[in-house]
Each structure stands twice: as C-alpha cells, then as structure tokens.
Amino acid sequence: MAKFSVFLIILFLLVVGILAFFNKDTVNLTVWQGVTYEVPVIGLILISSAAGIFAMFIIFSIRDARRFFSNWQFTRKQKKDLKIQEAYARGLDAFFACRHEEARDLFRRVIEEDPSHENALLRLGDIAFIEEDFAGAKDFYIKAKEIKPRSVEVLLSLEKIFEAQQKWQEALKYLDAVLDIDEENPEILHKKRDIFERDRKWEEVLEVQYKILKCDLPPEEEREEQKKLAGYKYELGCRYLETNNTEKAVKLLRSVIKTDRDFASAYIALAEAYLKAGNADEAQDVLMKGFEATSSLVLLVRLEDFFITMGEPGTIIELYQKAIQKEPRDVKLQFFLAKLYYRLEMIDYAYETISSLDMSACDFPDFHILSGSIYQRRSQYERAADEFRKALKADKPLLVPFCCSNCGYTSKDWAGRCASCNRWNTFILNTHEICKTKKRQSSP
C-alpha cells in the first residue's frame with residue numbers, strides 16, 4: 001500500500017512538472033473586489049489540488065472520528081450487555097436453586113442497568129408470587145407487559161396471579177388476550193374451560209370444548225376430548241332438567257346417547273326428563289333401551305324403582321328373570337332379584353333365590369346382610385345372627401353402595417360423575433366389593 005502511495009505521488013509530480021513545462025503563462029486570480037493576483041497556471045493547479053486534498057482530509061477525518069465513536073459506543077454497549085447477561089444468568093441460577101434473596105438482588109441490578117429487561121421483571125414477579133406477595137408480583141408483571149404487551153409469557157403470568165386470588169373473570173380476560181394471539185392453543189383453552197367448569201357454566205364449557213376439538217390433537221387425546229364433550233353435554237342437560245327446561249334437556253341428552261350408547265347416566269337423566277314432562281311411557285322406554293344397550297345394574301335398579309312406583313312390580317321381576325336366563329351364572333343379578341323380593345315382602349321367594357346362590361361366590365358383606373335379614377324375617381334367628389357376624393357390621397344397612405370403576409371412590413348416592421376423579425359414567429354398584437378389589441389390583 002505504501003509503495004502504491006509513493007508511486008501515485010511521483011506520478012502526480014511528473015504530471016505537474018509536464019504541465020509546468022508546457023504552461024508558463026500566468027492568469028489573474030481575483031480573491032476580493034479590487035484584489036487581484038497574477039498567478040502562474042501551474043500554481044493555480046497546485047492551489048486547487050491542495051484545496052481538494054485538504055477537503056478530502058477533513059471528510060475522511062470526520063468519517064474516521066464517527067467510526068471511532070460508533071465503535072467505542074458499541075464496545076461499551078457490549079460490555080454493559082455482557083455485564084447484564086452475567087448478572088441475569090447468576091440470578092437464574094440462584095432462582096432455580098431457591099436462593100430467592102440472592103436472585104432478587106441480582107435481578108434488581110439487571111433492572112438498574114436496563115429498566116426494560118423483560119425477563120428480569122418476570123423473574124422478580126415470580127419470586128414475589130412464590131412468596132405470595134401477589135400485589136408485588138402483579139406490579140412486576142404489569143411493567144413487563146408495558147414493555148412487551150403481546151408476550152404470551154407475560155399474559156399468562158398475570159393470569160396466574162388472578163387465578164391464585166380466585167378472581168376468575170380477570171383470569172379469563174388474560175386467557176382471552178392469549179387466545180387473540182394464538183387462538184388454537186389447546187393448553188390455554190383447557191385453562192379457560194376449567195374456569196368455566198369450576199363455576200358450572202356448562203354452556204360456556206361446551207363452547208370452549210368445541211374449540212378444543214378444532215385444534216390439531218393427537219388421536220388418543222382427541223378421543224378423550226370427545227368423551228369429555230359427551231360428559232359436558234350431559235351436565236348441561238342435567239342443568240336444563242334442574243331448571244325445568246325439559247325440552248332442551250331431552251334434546252341434548254338424546255344427542256349424548258346417540259354419540260355414546262353406553263352412557264348409562266344419560267339414559268337415567270333422559271328418563272327423569274320424560275317423567276318431569278309427564279311422559280312415563282317414554283321414560284320406561286328409555287330405561288329399557290338403556291339396559292338393553294349397557295346391561296348396567298344401575299339402570300336395572302332404576303327400572304326397579306320406576307316399576308314399583310308405577311305399581312307394576314311384576315314387570316321388574318320378569319325383567320330380572322329374563323336377564324338371569326340370559327346370564328345364569330351372573331350372581332349379581334340373582335342377588336338383586338333376592339333383594340327385590342325382600343323389598344316387596346316376598347320373603348319365601350327371597351329365601352329360595354338367596355339359597356340357590358353359590359356361597360363361595362357370594363362372600364361379601366351385602367350378601368350376608370341380605371341373608372341375615374331374610375332369616376330374621378323367617379324367625380331363624382341363629383342363622384340370621386351368623387350371617388350378620390359374617391357381614392362384620394351388624395348395623396350396616398341393606399344398601400349396596402355405588403363406587404367409581406375408575407378410581408374406586410364409594411358413595412351411598414348415585415351420581416353421573418365421580419366426585420373424586422371427575423370422570424362420567426363410571427359409577428357402578430359395589431357388589432362383591434368390586435371397586436376395592438380393582439383399586440387393590442391397580443396399586444403397585
């Protein structure tokens with residue numbers, strides 16, 4: 001580069017020398033009014049060249065100065081950013097190690113250096129949230145929102161605050177804000193649905209559930225959500241039933257049964273809707289079809305109550321007998337027939353039925369309670385006492401409790417949905433203490 005510069009200078013001087021040799025004339029140069037100088041042509045060329053060189057020098061000097069200042073600023077910013085990043089990284093380490101005081105100090109240093117550091121504000125809010133300082137956490141999250149108003153993390157952090165305070169409407173507002181950004185986010189839709197479900201707003205729950213099913217879900221998850229859709233329809237149908245809107249209840253519950261023909265709870269609710277509307281024949285038809293479709297003992301017990309209420313006990317006895325003919329080895333059916341006879345004061349029939357059962361297959365408390373009660377009514381007190389002793393609790397009522405086939409939860413009252421695991425259509429009659437056995441088998 002230096003050699004090239006020397007070459008250019010020599011070339012320039014050579015050109016000037018040639019021009020000076022051939023241009024010995026002078027020219028008048030006026031610099032001001034009345035001020036004129038006689039200057040050789042070559043001198044004018046040299047003056048012009050010098051002025052150009054000086055101008056270029058000034059321009060390049062300014063450019064270099066600006067470049068130097070820009071580089072200095074960039075280097076300074078890099079050092080500052082590195083310092084902030086190191087402090088933030090150390091703060092994160094302390095935060096995840098649950099050293100919250102140390103983490104708070106480090107994050108505050110980050111904020112002092114860079115008040116717009118969104119992540120540091122979020123972590124300070126998280127620390128305040130962990131310490132249940134919800135007001136402080138909210139302040140930090142609001143500041144982060146001012147910096148980045150459409151940040152999903154910020155919006156969910158604010159939603160978390162209101163959810164912890166059980167301010168569900170405020171929580172819904174921020175969930176809706178997230179859905180404005182990502183309307184097909186299943187996780188956010190689940191959160192929104194859970195809030196509506198907590199408030200038993202079944203119409204809103206259904207609306208959200210339809211949106212969840214429009215999302216791109218794995219096949220197994222989609223099947224599970226379809227089951228939940230049927231469950232939520234059932235809940236809304238029951239709500240209509242409670243408010244005496246039987247027309248809507250019937251329409252919705254029929255759609256549930258059309259979707260899932262094994263949904264025993266929907267048959268029971270639909271029958272109740274028809275009974276409320278004064279249509280006993282339709283109620284009977286629904287219960288009969290439900291039992292044929294599901295073979296559910298719960299439906300059979302409902303039919304038992306229905307026919308006894310209608311003054312037709314012979315019909316339910318005939319139904320039990322037909323069911324036993326189809327399933328002669330089903331001890332549960334024979335047990336419930338004996339219980340029905342006992343309920344109808346048909347003690348001899350109850351005795352014959354209970355005596356025909358295989359004792360080795362019937363070693364469960366309710367069987368012994370029923371046997372003891374029958375013997376007591378037949379004045380066979382010693383045998384009755386023996387059966388009651390086998391039942392362990394002599395004061396236990398003659399009532400087979402319901403239990404959840406999914407989690408083993410037991411209840412004396414029937415429900416369409418388990419209060420423990422929140423699954424629908426899982427309540428069965430706990431004969432042979434079947435749920436306790438299932439629970440024991442599923443436990444490690």
| request: With only Lys, Arg, Asp and Glu charged, each at its Cβ (+1 for the first two, -1 for the last two), find how big the charge dipole of the chain is about the Cα centre; round to the nearest 20 debye. | output: 1040 debye
| message | Give the separation of the Cα centroids, the range 368-389 to the range 238-266, in Å. | response | 42 Å
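What ranking of LYS227, LYS412 emerges when the number of other C-beta atoms within 10 Å of each C-beta is taken as an exposure proxy, fewest first? Let's see the in-between values first.
Working: LYS227 16, LYS412 9.
Fewest-to-most Cβ neighbours within 10 Å comes out as LYS412, LYS227.
Where does each of TYR349, TYR381 land when they are ranked from fewest to most other beta-carbon atoms within 10 angstrom? Can you show the working numbers first?
Values: TYR349 16, TYR381 11.
Going from least to most buried by this count: TYR381, TYR349.
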| query | If each residue's Cβ is checked for other Cβ atoms within 10 Å, how do CYS215, CYS418, CYS404 rank with the fewest at the top? | reply | CYS215, CYS418, CYS404
| request: Quick one: dipole size for the range 140-279, taken about the Cα centre, charges +1 on Lys/Arg Cβ and -1 on Asp/Glu Cβ, in debye to the nearest 20. | output: 420 debye
| query | By how many nm would the segment from LYS79 to GLU220 lengthen if fully extended, with 0.36 nm per residue of separation less the alpha-carbon distance? | reply | 45.6 nm
| message | Taking R0 as 35 Å, what FRET efficiency do you get between TYR349 and MET310 from their Cβ-Cβ distance, rounded to the nearest 0.05? | response | 0.95
| said: Straight-line reach only, C-alpha to C-alpha below 18 angstrom: list the aspartates and glutamates that LYS248 could link to, leaving out same-chain residues fewer than 8 apart. | reply: GLU203, GLU204, GLU207, GLU235, GLU272, GLU282
| query | What FRET efficiency would be calculated for the residue pair ILE53, ASP139, taking the C-beta separation as r and a Förster radius of 56 Å, to the nearest 0.05? | reply | 0.35
| Selected from ARG108, ARG239, ARG378 as most flexible by GNM, with the chain as the system and alpha-carbon contacts under 10 Å | ARG378
| said: Testing the spin-label approximation: label points 7 Å from Cα along Cα→Cβ at HIS100 and ILE181. State their distance in nm. | reply: 2.5 nm
| What is the extension gain from GLU132 to GLN166, computed as 0.36 nm multiplied by their sequence separation minus the C-alpha to C-alpha distance, in nm to one decimal? | 10.9 nm
| note | What helix-only [θ] at 222 nm does the chain give? Using -39500 (n - 2.57) per DSSP H run of at least 4, over all residues, to the nearest 500, the answer is -23500 deg cm²/dmol
| task | Would you mind calculating the gained length between ALA385 and GLU318 on full extension (0.36 nm times residue separation, minus the Cα-Cα distance), in nm to one decimal? | result | 20.9 nm
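Every number here is computed from the coordinates shown, using simple stated rules; none is lab data. Remember, predicted model here, so these are calculated numbers, not experimental data. Positions of Cβ are backbone-derived with ideal geometry, glycine not excepted, and every protein chain shown enters the neighbour counts.
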